[in-house]
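Notes to accompany the following structure.
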């Protein structure tokens, strides 16, 4: 059996430099559902005054504007009826009393406190979740900490930002977990069996035992950004 390990996420950890005129350097950073092996800041994006101002008005239930996380939009949110709305904010907190270092938060507990223990977990049949923040690069003080979840809005290829489950399909070439229609030309893998570990076992699950009973011709270990193994996908 061939092992494929996937730590999935739609955005890299990056350090973004603030726009001119802000008090200190404000950075946008976040986690990775499909974490790249390159955790440097080569993909950093600038956070503008308009983006920071827009974040002040955001609230739970709003949808993120496409391009906000990669710095190509000055909008923070858009109407959730917009067909490009693929992420919704599930919680946002201003001045949470958290300090960032190197584009990350060393102790993830404040993230779990705001977003829930399952944030970032890769769960078969469930939409992707993530967290992000806007913080002062000079001091590390986090101005906004927020949690997001993928909507049920498919993209132009009919793909959903969700981990596939038994009987569903995906593309092994994707850089993040997406569930594709099985008749899609891009779909090259079908989940023969999805195994989800209890949350109490995420730190040290019996992966070997699960793979022995998994079935399929290969498997993907669902390893998330917090180094938790939440399940396996056995594929054909």
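The values are calculated or read from the model by the stated rules, or taken from the named source; none is laboratory data. Keep in mind the model is a prediction, meaning the values are calculated, not measured. No Cβ is skipped: glycine too gets one built from the backbone with ideal geometry, and neighbour counts run over all protein chains shown.
Some notes on this structure:
- The listed residue being more than 16 Å from the chain's Cα centre (by Cα) and surrounded by fewer than 20 Cβ atoms within 10 Å (Cβ to Cβ), out of 151, 211: 211
- Lone qualifier among 61, 19 - being surrounded by fewer than 15 Cβ atoms within 10 Å (Cβ to Cβ) and either at pLDDT below 90 or in contact with a strand residue (DSSP E or B) (Cβ under 9 Å, 6 or more places away or on another chain) (or both): 61
- Residue match in region 162-185 (condition: touching a helix residue (DSSP H, G or I) at 6+ places or on another chain (Cβ under 7 Å) and under 30 Å from residue 83 (Cα atoms)): no
- Per-region count, region 175-197, residues assigned to a loop (DSSP other than H, G, I, E, B), more than 20 Å from residue 229 (Cα to Cα) and in contact (Cβ under 8 Å) with a residue 24 or more places away in the chain: 2
- If you check 227, 174 for being surrounded by fewer than 14 Cβ atoms within 10 Å (Cβ to Cβ) and either under 29 Å from residue 66 (Cα atoms) or not assigned by TED's automatic domain parsing to the domain that holds residue 123 (or both), only one passes: 227.
- Scanning region 154-170 for residues that are buried (at least 16 other Cβ atoms within 10 Å of the Cβ) and either over 14 Å from the mean Cα position of the chain (by Cα) or touching a residue at least 60 places away in the same chain (Cβ under 8 Å) (or both) yields 154, 159, 161, 163, 164, 165, 168, 169, 170.
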